[in-house]
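Down below is the structure, laid out as structure tokens.
Derivation of every value follows stated rules applied to the coordinates shown; laboratory data play no part. From a predicted model like this one, the values you see are computed outputs, not experimental measurements. With ideal geometry, Cβ positions are generated from the backbone for all residues, glycine too; neighbour counts draw on all protein chains shown.
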Ligand code: MIC
Ligand code: SF4
């Protein structure tokens, strides 16, 4: 596609084509702040309760966007009353406000959205960082915090930076044993998990037609790990086949880049030379070839998550396992992505074959992926087809998580050791069904008239927290100093703590639990003495999840600013939404000078934030640092107001 740059024609690539058709304001040029119309929204239960509480606080009768879906997939273990209470709130508030509700057991939001609602050429905003999965069908799908989704449901446009478009050309065809997961791991090996803020990946080239929609979805899903705003594939005959097989032929539109379109950067992946890849602990960017670490003893294997839980993935696994029983020292768990997948594998004998091989069949939900269950043992090696292997995410701090394809996972389940699947598969490709077991009976569609619906609120359902307008002078202290790549799992653990998502006061007790368990109590004490807290961090602070709790709970504890070398996109937006100032060192060497416990002071802060540069005085060291306010003009207004809710109410 490089040659298409010749002549510098102003043709749009696919990304800019869709952005242009949804543009509400701003100049559609790389780096400019733009706003776009959002057609569809999605929430899941762990972020959804807060999003609907925020939506309710806007006092709007009914959602105003084309389609809003509320999924229940994260918190389905239901130890204690909290999760069920949350589900009841979500079910009733959905009916009240005109939202489609997907009941627990129906499956994982991204798999379900792909099967039932995603449309080429539309825009989707979801309160989950893997929302970009729908790029596999040619939709612009963006992950954000719950408040942004609540605003999109209220009909507000969504603001973003017009992205840099990285064109990834796929050529050739994958070899036996190598699959879509290996493509995205290769992309992560090249682009890493930091430094891709405000970029997108657009796939093109002859190799695209060799990949099915679920495979393309796998690739777009893990673009989130690179930190890109979204990833996208063209919509072509494969897309049409997939939609038709789901009785959704009407949603099909062919879409690709315009002739002569160019990219800001291009890179080519030759699928025919690609090997099976693996991400090693503790980052999806820590990638190697499977053959380089083959032979590693494995204790647990988990197949599923929104990355690799499609019908095709599970059929492959069953075909590999057929005639074998899982190795005696390995526990194999399989979570189908949706009820459609589960129904289909039950109908065609795949499920029986998986059970015969000794697989433990888990619920169609996020489950293990978010550390809700299936934690590995002490120092355990867990091979997973999911997308995140952050330290502690599994629920076992010393657990070592490796991310790989279903092929690698299944063949290793037989041997008990990490095994390279290349050339060893008993199939070359799996034919997708011409018709899927479409069954939308676990979706509850909202009534036309919801005046008689009563929203149920159990004791776990709190209030959306408020902040106060920014003060001019703030005495503060460095409450924690962390290194690079601090994830939202470090800041706001999920797993066993997930049930407090609707209860900010309770959830706040666990901020940085695994990093420094004293953080919460110390900051709360400072807050009550009128002293603000500051978090000092290295590169790529806040990567991973879209959970706005990683901003709301620190806000509740009195955190006033993050001072970092760089901050990831979704987390930065969440900080602004809740009035925590995202600050970036002008001189990165200042990171080494500032220390835990240093007494700080901000003064004339409102003017400085509006101007975009803040001088932070370190009273302990008797020095000061220049910091850039990492926020757009619109976000600076939110910061001054003490968060976005104060502006929209
Ligand atoms: C994740 O994979 O980390 C999650 C759990 O799906 C999160 C959402 C959440 O924290 O609720 C995400 O990806 O945004
Ligand atoms: Fe659920 Fe895991 Fe996907 Fe997040 S990454 S949506 S926890 S399956």
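Miscellaneous remarks
- For the range 421-507, radius of gyration divided by Kirkwood radius, i.e. Rg to Rh on alpha-carbons: 1.18
- Across all Cα pairs in the range 315-407, the calculated P(r) in 5 Å bins from zero up to the longest distance comes to 3, 14, 23, 24, 19, 12, 5, 1 percent per bin.
- Helix 311-321 and the longest principal axis of the Cα set of the chain meet at an angle near 60°.
- Translational D in µm²/s for the range 538-649 (Stokes-Einstein at 10 °C, 1.306 mPa s, Kirkwood Rh from C-alpha pairs): 112 µm²/s
- Separation between Cα centres of the range 198-260 and the range 561-614, rounded to whole Å: 37 Å
- Prolate/oblate/rounded label for the range 66-120 (Cα gyration tensor, a/c 1.5): oblate
- Length-normalised contact order for the chain - Cα pairs under 8 Å, 6+ apart - percent: 15 percent
- C-alpha long axis of helix 180-191 to longest principal axis of the chain, angle in °: 40 degrees
- Gyration tensor (alpha-carbon) shape descriptor, the range 463-545, a/c threshold 1.5: oblate
- Ellipsoid semi-axes for the range 81-235, based on the Cα gyration tensor and the rule √(5λ), read 30, 18, 14 Å when sorted largest first.
- In nm, spacing of pseudo-spin labels at residue 249 and residue 624 (7 Å Cα→C-beta vector): 7.0 nm
- Mean projection area, nm², convex hull over Cα of the range 24-121: 7.9 nm²
- Compactness of the chain, expressed as Rg and Dmax over alpha-carbon positions, Å: 23.7, 72
- Cα long-axis angle, helix 519-528 against the chain (0 to 90 degrees, to the nearest 10): 30 degrees
- Compactness of the range 28-74 - radius of gyration and Dmax, Cα, Å: 13.6, 37
- Fraction in percent of alpha-carbon pairs per bin - 10 Å, the range 575-630: 23, 55, 22, 0
- Here is how the number arises for the chain: DSSP H runs of 4 or more residues each give -39500 (n - 2.57), the sum is divided by the residue count, and the result at 222 nm is -8000 deg cm²/dmol.
- Per the Debye formula on identical point scatterers at the alpha carbon atoms of the range 202-361, with no solvent, log10 I(q)/I(0) at q = 0.14, 0.15, 0.16 Å⁻¹ is -0.93, -1.05, -1.16.
- Packing-based ranking, highest mean first, of 110-117, 578-585 given that Cβ atoms within 10 Å are counted: 110-117, 578-585
- Relative contact order for the range 59-200, counting Cα pairs under 8 Å that sit 6 or more residues apart, in percent: 20 percent
- The range 478-594: proportion of alpha-carbon pairs further apart than 18 angstrom, %: 44 percent
- Kirkwood Rh and Cα Rg combined as Rg/Rh, the range 132-214: 1.03
- Centroid-to-centroid, using Cα positions, the range 376-444 and the range 322-337 are 10 Å apart.
- Note that the range 512-569, at 4 °C in a medium of 1.567 mPa s, gets a Stokes-Einstein diffusion coefficient of 108 µm²/s from its Kirkwood radius over C-alpha pairs.
- Shape call, the range 338-383: gyration tensor on alpha carbons, a/c limit 1.5: oblate
- Across all Cα atoms of the range 255-337, the radius of gyration (one decimal) and Dmax (whole number) stand at 17.7, 57 Å.
- Ordering of 454-465, 362-373 by burial proxy (mean other Cβ atoms within 10 Å per residue, highest first): 362-373, 454-465
- Normalised radius of gyration (Cα atoms, divided by 2.2 N^0.38 Å) for the range 358-443: 1.32.
- Ranked packing of 486-497, 21-32, 621-632, most packed first, by mean Cβ within 10 Å: 486-497, 621-632, 21-32
- A Stokes-Einstein calculation at 4 °C with viscosity 1.567 mPa s, built on the Kirkwood radius of the range 600-649 over Cα pairs, returns a diffusion coefficient of 110 µm²/s.
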